[in-house]
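In what follows, a single structure is set out as structure tokens and then discussed.
The values are calculated or read from the model by the stated rules, or taken from the named source; none is laboratory data. Owing to the predicted nature of the structure, the values given are computational and were not obtained by experimental measurement. Ideal geometry is used to build each Cβ from the backbone, glycine not excepted, and the neighbour counts take in all protein chains shown. Areas reflect the complete protein model, heavy atoms only, side chains present, ligands, DNA and RNA absent. Shrake-Rupley method; radii C 1.70, N 1.55, O 1.52, S 1.80 Å.
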Amino acid sequence: MTDNPTSGSVLCQACGLCCQGQLHSWVPLLPHEVALAQSWPVEMVTYEAVGGFKLPCGCFQEQRCSVYAHRPQTCVNYRCQLLRGLEQGEISQAVARERVAQARGLFERLQERLPPATGKRIWERIAERWDLTSLRSSLASGEIDSETLMAIVALNVLLTKHFR
């Protein structure tokens, strides 16, 4: 890892939203990566004959990837919008980290407001409770309060604009 202010490694290891399953649900692996990944604390899956593992990734520990130097090629190649902006010099490391902090804050706010659900990502928990296309009617009926609705909308806008 380098201290270069435009280093993607610095930002990725400070973020981890993709590792936590907040942007994707699984990581596809190249055939030669499957055996190594089977030794990691991850849940292996196969989708359309492609092996991989479910997210969140068990290798993401203490806000860091514990296998960063040996991570799968999918992880090496992945570039969220925020990382692309940093690498292209469109945003600074400080701005990128602030956006990560915003996203984390919104995730934490929603985590507190949603009923507990072990092993489920925020978007799964939201979708199983509310129809995302009709949140306004859920607000009107009292199924969701305005603060939770605003946090969901703010998080979705932030992730769409800067991460997805």
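I'm trying to understand the selection: among the residues of segment 128-164, which are among the aliphatic types (A, V, I, L, M) and open to solvent by less than 60 Å² (accessible area, probe 1.4 Å)? Talk me through it step by step, then tell me what you get.
Restricting attention to segment 128-164, the residues satisfying the condition of being among the aliphatic types (A, V, I, L, M) are 132, 135, 139-140, 144, 149-155, 157-159.
Hits for segment 128-164 are LEU135, ILE144, LEU149, ALA151, ILE152, ALA154, LEU155, LEU158, LEU159.
Just the residues that are within 16 Å of PRO56 (Cβ to Cβ), among the small types (Gly, Ala, Ser) and either open to solvent by 30 Å² or more (accessible area, probe 1.4 Å) or free of Cβ contacts under 8 Å to residues at least 24 places away in the same chain (or both), please, taken from segment 17-42.
SER25
Any chance you could count how many residues in segment 71-112 are farther than 24 Å from LEU155 by Cβ and surrounded by fewer than 14 Cβ atoms within 10 Å (Cβ to Cβ)?
So the count comes out to 5.
Can you tell me which residue within segment 56-70, out of those that are more than 21 Å from GLN93 (Cβ to Cβ) and either in contact with a strand residue (DSSP E or B) (Cβ under 8 Å, 6 or more places away or on another chain) or in contact (Cβ under 8 Å) with a residue 12 or more places away in the chain (or both), is surrounded by the fewest Cβ atoms within 10 Å (Cβ to Cβ)?
Checking each candidate, the answer is HIS70.
Checking PHE53 against (1) open to solvent by less than 30 Å² (accessible area, probe 1.4 Å); (2) part of a helix (DSSP H, G or I); (3) farther than 30 Å from VAL95 by Cα: exactly one of these is not met. Which one?
Tallying (1) open to solvent by less than 30 Å² (accessible area, probe 1.4 Å); (2) part of a helix (DSSP H, G or I); (3) farther than 30 Å from VAL95 by Cα, PHE53 fails exactly one: (2).
Here's a check for you: in segment 97-129, which residue that is outside any helix (DSSP H, G or I) and over 16 Å from the mean Cα position of the chain (by Cα) is modelled with the highest pLDDT?
It comes out as LEU114.
Of everything in segment 113-127, what is within 20 Å of CYS19 (Cβ to Cβ), surrounded by 12 or more Cβ atoms within 10 Å (Cβ to Cβ) and among the small types (Gly, Ala, Ser)? Give them in sequence order.
Matches in segment 113-127: ALA117 only.
Hey, among LEU82, LEU86, LEU36, which residue is in a helix (DSSP H, G or I) and in contact with a Ser or Thr (Cβ under 7 Å, 6 or more places away or on another chain)?
LEU86
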